[in-house]
Number of protein chains: 4
Amino acid sequence: MAGNTFGQIFRITTAGESHGRANTVIIDGVPAGLPLSEDDLIPDLERRRPGQSKVTTQRKEADSPEILSGVFEGKTTGTSIAIIIRNQDQRSHDYGNIAQLYRPGHADYTFDAKYGFRDYRGGGRSSARETNVRVAAGAVAKKLLKHTHDISILGYVKQIGHITADIPNPELVTLEQTEANIVRCPDSQKADEMIALIEQMRREEDSIGGISELVATNVPAGWGEPVFDKLKADLGKAMFTLPAVTGVEYGEGFGVAILKGSQNNDIFVNNNDTITTTTNRHGGMLGGISSGLPIVLRCAIKPTSSLSKAQPTVDQQGTPSEIQTKGRHDPCLLPRFAPMGEAMFAIVLADHMLRQRAARL
Amino acid sequence: MAGNTFGQIFRITTAGESHGRANTVIIDGVPAGLPLSEDDLIPDLERRRPGQSKVTTQRKEADSPEILSGVFEGKTTGTSIAIIIRNQDQRSHDYGNIAQLYRPGHADYTFDAKYGFRDYRGGGRSSARETNVRVAAGAVAKKLLKHTHDISILGYVKQIGHITADIPNPELVTLEQTEANIVRCPDSQKADEMIALIEQMRREEDSIGGISELVATNVPAGWGEPVFDKLKADLGKAMFTLPAVTGVEYGEGFGVAILKGSQNNDIFVNNNDTITTTTNRHGGMLGGISSGLPIVLRCAIKPTSSLSKAQPTVDQQGTPSEIQTKGRHDPCLLPRFAPMGEAMFAIVLADHMLRQRAARL
Amino acid sequence: MAGNTFGQIFRITTAGESHGRANTVIIDGVPAGLPLSEDDLIPDLERRRPGQSKVTTQRKEADSPEILSGVFEGKTTGTSIAIIIRNQDQRSHDYGNIAQLYRPGHADYTFDAKYGFRDYRGGGRSSARETNVRVAAGAVAKKLLKHTHDISILGYVKQIGHITADIPNPELVTLEQTEANIVRCPDSQKADEMIALIEQMRREEDSIGGISELVATNVPAGWGEPVFDKLKADLGKAMFTLPAVTGVEYGEGFGVAILKGSQNNDIFVNNNDTITTTTNRHGGMLGGISSGLPIVLRCAIKPTSSLSKAQPTVDQQGTPSEIQTKGRHDPCLLPRFAPMGEAMFAIVLADHMLRQRAARL
Amino acid sequence: MAGNTFGQIFRITTAGESHGRANTVIIDGVPAGLPLSEDDLIPDLERRRPGQSKVTTQRKEADSPEILSGVFEGKTTGTSIAIIIRNQDQRSHDYGNIAQLYRPGHADYTFDAKYGFRDYRGGGRSSARETNVRVAAGAVAKKLLKHTHDISILGYVKQIGHITADIPNPELVTLEQTEANIVRCPDSQKADEMIALIEQMRREEDSIGGISELVATNVPAGWGEPVFDKLKADLGKAMFTLPAVTGVEYGEGFGVAILKGSQNNDIFVNNNDTITTTTNRHGGMLGGISSGLPIVLRCAIKPTSSLSKAQPTVDQQGTPSEIQTKGRHDPCLLPRFAPMGEAMFAIVLADHMLRQRAARL
């Protein structure tokens, strides 16, 4: 039983490989009446696009989305929305020995183990290229959430290698701040250091990992469904669907291990007739249900597995060999991660916004 | 749209509150022919049970499961299995002012925000009591996985407060080692320190957080469904459904942030005609699909929110007040977490074992 | 992948066999705040109960439901509701040769083919006994629909053998009329004939089929989800889940085969500022979406397969044999069908009522 | 919560309107390794195509499918398969007053009631045009079933108006017989009468209903999932998702109403070491699980609602008006129904074939 559908009410189903004809998403469950056009999808696709700056892969791919259905006279009709993004270059390449070799850190071996063979062109379905239609769907979710609850979702780089940004108030970071530099780090001083580190990695034919932080503001209290579809559970799953994510945490996250309850508990107060907490170590969710405070999460992202330098490996028969990734690739995945993480974040919130409509008489 | 069902093929649906009549689970999708009786459920329920040692809550609850259906002449029939665990004490208690006050760190406020009111008795549906039937279902999943693939799943304490166990080979830890002490830490020296720390917390009327590590061995390569039901995504969701979990990571986890690709990549080798990797920084999954190596994950678990000492809070009208948790509660959640985490781990693996049957012609 | 869950938002999951310990249903998705107690479940369970009159089986089973969770201080909490109905007699019976023989018209052979073996006691999971918890869940759905939209759902006997009731206005039939006689046929004259026919069947050690008609009134226009979860599709599935149903039709049903479009089309008119149709050949749904007119459907129900007279058959090895059903059984399934059909009808409507909440901005 | 996904393991998700850019289907769950190309989809699309003969609409639409993903080197990869069929003519038409008027028998009014407005171009999402991608997906399902179990699925016309074909052995009808005439009726004599009747209907500016019969052969015993996903339940839902279907029945169908149990029961016999029944009044399913005998079902299909002759109606404000359907439409839906019915039949069987893989240890 395959797994290309995500969400319950706001639900996306995707298809597509790195070097196939096109990536496709069908979005089901967008309420009728939301203004929508391809123009709404472009900005986030541009933020995800390869070749956007010197710290990303230099591969050029224009991601031009086409909405095939579900929109009439500029508004969603309530029926399913299909969007495709064609791959520009599907000519038969010389894929060399990549068909036989298992790239370290990639899914080549596990795909073979699962299906018996694989589409090896550019990684096939395991390539991060499939996330372009997720980003398109995320733009629809974002627009819906902005329309109904004025919700904003923003991702940025918190850490690359040993360089950690100083971001005292995640909920105050603006899109302008994150887009002000090519690593998308709102701490502009650390951003420069990060850029230098990434360039060094490229020179070393190596790559580097990091941590992305994402924040949603204006999410009302009460979203999330006990006991299995808690907001933290669905967001956690969403983030782990993204390539290279090896860890997810909320609020204090792994830092809770060394805290006492008296240190970790956020205390309820009455703030102008709104019940809230003055601190937000809980990351905006209690019992897996939104508390009304900003939802703050972080994803650990591993260093790019593809390296220009040679790495030992084996082929399908287990014969030792060596592999170099000739294709241009990102020396660090962090700068392009923000729109992907935001998209999945938005899809989960849009789903739970609609789910909450059934919670009361 | 509520969320009391988990899994696709091996699927559980649960109901029940802390002080209601009973907790119930219906397990759907267990293949016909598996030997099963209540005796199979007891050991893990005993490991989860309150009052089992001096480092857990002193509340006594015998969790006696009753299988109501789906088993005939000692074997599963392929139809749905219902299990109930009655709550022993449902007499009307004096719940004091807990009905009006919002306990810090708990879901009282968010349940009210969601549903308009809540079952305040012992935390109602937000209490960890609901996990007892998950543990029962997990025991069924474990038995199935052992039967079909000789898979073992084991959880133990990795860290409590600043005390971190030294566990060089997670895949070699045995159930005997973890059960040898009451915190369930296979590093017996650190276990003693952890016990002392927890006892200190109880004296201080406080609590402490920690990290649990879980390992599954013998999972064959090829399980997990791209792109949304990757094994890492479904396991991540599973862990985040558990109360108090604030972070989940695999293999190197958040440690990847400071690694280079050349340091993080595990290299494929041919080991007696099996393709494998000598190191396991990837935690047993590549592209979200099992690689054949042990699956290793860690959960961050916050300190118990309930404290014997007084904490400030507000009531439903926002009036400032103060709360003390009189009920007996765990000064640290880690010792009892292992069977809960193992149960959710097993349910995910059982589901994906069955899902994989549809992957090839 | 088993199939013991029905519905999307209002969703039921069931378990239980004819002679097991209990039947169980977990209802998920009931909005918070609905008044509910066991008393709400009794009336429909009484209408489904065996032994209620001389035209049903004489087997006595009191169906006493117990609500285990999801209700607090007389109101639904928004969390999952578990209900069990214990089977009274689970002592070991002498099941004779029924374990080896395949009863004609029953699922003995197909269960063996599916699972490799079966719980043969009273038909196990294939017995209609499992519908008792569906009826309990249906009572919850009915109460919800009455509360939110004043919807009524009523089933009655339209035909038994060659005797067809004259019911010119299905939407005007009342519960009082259908309950006025023991076959549940609102045409009292035909009801007498039907009763006589059923008694004749019992004397002949035979059984007889029939047609049940069900009507829902006050369903607003707009429910049903294109293109796969049309109301007619979900209702059709719901009816076909019930034992012995061999056909389902709406409005004109199979009668449309001989009609011209100009005869079959219902014409829209303006009736006091409500757009409606004066005739209802379409059975209350257009394009699979409710039109605001009464939803009218009919189910064909086969004659009871169990017969007191001897029937030839084979055993598991294919050896010819003969079988007589000694257990008391219904000579006609129609009188007890109404509450089962109503229950599934209500569950579908409750689901779509909640689904419609997500259709618009 | 919308409803554009059908199936559990073999699962299709569709999008598209009559006059939108394209119809799209994503098929998820096709096992890896099935040979597949666009050529496999063409034959059934040709059988569904408008303008194929004098008894169908004269509208010309070439349905050229494009497989966008999920196939590599001529074989399915196990990942999701996207197929689009572009609509050829999306220029802005003069839709006249169809935007305001409610066509009798169509979903114009109910779509407005549901969503607040509608895509009125050619019926939008409510048009039968959306079924072209279902037929494409059905061709994939058919190929899979032929590959794994040599299953054949065939639909044909059983009745149009008062003309009923004489088909004593549904399981012996061949594709050649049904395709030998333009109404797809294997009784060639009655086919001629049917053709004459349809032509008469066109001359009268009217339309006519009928009954389609569908048969699947070689389905092994054991498919179908108690208690809610019985094969009869899922097939029934599948058929009712198709436009204009007002009734579905299996085997004896509504004819059971007048039968005694002793007449209706099919008797088990041992036929060369296979347990089977000599008669097939049960239509190939017992307890909703396949018995190994041919599965036989019939769908009642209403006369086309669109008429060339004028019909009274109202507009959105309820003002009385009159409507004539100028577009070319089918005077009878039966001839083109077979491939649609077969497609949904095949999708259900493919799903249950894969579901059955999880039924036993």
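Brief remarks follow.
- Hits in the stretch D:294-308 - residues which are surrounded by 23 or more Cβ atoms within 10 Å (Cβ to Cβ) and assigned to a loop (DSSP other than H, G, I, E, B): D:302, D:303, D:304, D:305, D:306, D:307
- Residue within the stretch D:211-225 that is of a type in the set (Phe, Trp, Tyr) and at the interface with chain C (Cβ under 7 Å from one of its Cβ atoms) present: no
- Matching residues in the stretch D:41-75 - criterion: being free of Cβ contacts under 8 Å to residues at least 60 places away in the same chain and part of a strand (DSSP E or B): D:66, D:67, D:71, D:72, D:75
- Consider the stretch C:19-61 and keep the residues that are more than 23 Å from residue C:198 (Cα to Cα) and touching a Pro at 6+ places or on another chain (Cβ under 8 Å). The one that is nearest to the other protein chains (Cβ to nearest Cβ) is C:38.
- Residues being closer than 24 Å to residue D:281 by Cα and either at pLDDT below 95 or more than 7 Å from chain D (Cβ to nearest Cβ) (or both) - total across the stretch C:125-142: 2
- For residue C:354: the one exception among (1) under 24 Å from residue C:242 (Cβ atoms); (2) out of contact with any strand residue (DSSP E or B) (no Cβ under 6 Å at 6 or more places or on another chain); (3) assigned to a loop (DSSP other than H, G, I, E, B): (3)
Residues checked against (1) open to solvent by 10 Å² or more (accessible area, probe 1.4 Å); (2) over 29 Å from residue B:15 (Cα atoms); (3) not hydroxyl-bearing (Ser, Thr, Tyr):
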| position | (1), (2), (3) |
| --- | --- |
| B:131 | no, no, no |
| B:138 | no, no, yes |
| B:151 | no, no, yes |
| B:156 | no, no, no |
| B:160 | no, yes, yes |
| B:166 | yes, yes, yes |
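- Per-region count, the stretch D:62-84, residues at the interface with another protein chain (Cβ under 10 Å from one of its Cβ atoms) and within 22 Å of the chain's Cα centre (by Cα): 6
- Lone qualifier among D:31, D:35 - being open to solvent by 10 Å² or more (accessible area, probe 1.4 Å), modelled with pLDDT of 95 or more and either within 25 Å of residue D:352 (Cβ to Cβ) or under 16 Å from the mean Cα position of the chain (by Cα) (or both): D:35
- Wholly within the stretch A:204-282, strands (runs of 3 or more DSSP E) carrying at least 3 residues that are of a type outside the set (Lys, Arg) and open to solvent by less than 10 Å² (accessible area, probe 1.4 Å): A:210-217, A:245-250
- Within the stretch A:68-79, the set of residues being farther than 14 Å from residue D:111 by Cα and either aliphatic (A, V, I, L, M) or crowded, with 21+ Cβ neighbours inside 10 Å (or both) comprises A:68, A:69, A:71.
- Residue within the stretch A:86-107 that is in a helix (DSSP H, G or I) and at pLDDT 95 or above present: no
- Qualifying residue in the stretch C:309-329 (condition: buried (at least 22 other Cβ atoms within 10 Å of the Cβ), touching a residue at least 60 places away in the same chain (Cβ under 8 Å), within 25 Å of the chain's Cα centre (by Cα) and not in a strand (DSSP E or B)): no
- Qualifying residue in the stretch D:162-181 (condition: touching a Gly at 6+ places or on another chain (Cβ under 9 Å), small (Gly, Ala, Ser) and part of a loop (DSSP other than H, G, I, E, B)): no
- Filter result for residue D:117 (open to solvent by less than 40 Å² (accessible area, probe 1.4 Å), without any contact (Cβ under 8 Å) to a residue 40 or more places away in the chain and either facing another protein chain (nearest Cβ under 8 Å) or not in a helix (DSSP H, G or I) (or both)): no
- Residue within the stretch C:2-18 that is of a type outside the set (Asp, Glu) and more than 13 Å from chain D (Cβ to nearest Cβ) present: no
- Residue match in the stretch C:122-129 (condition: part of a helix (DSSP H, G or I) and over 30 Å from residue C:2 (Cβ atoms)): no
- Search result, residues across the stretch D:145-161 that are within 18 Å of the chain's Cα centre (by Cα) and not in a strand (DSSP E or B): D:145, D:151
The values are calculated or read from the model by the stated rules, or taken from the named source; none is laboratory data. Here the structure is a predicted model, which means the values were calculated and not measured. We place every Cβ from the backbone using ideal geometry, glycine too, and count neighbours over all the protein chains shown. Surface accessibility is based on the protein's heavy atoms, side chains included, excluding ligands, DNA and RNA. Shrake-Rupley method; radii C 1.70, N 1.55, O 1.52, S 1.80 Å.
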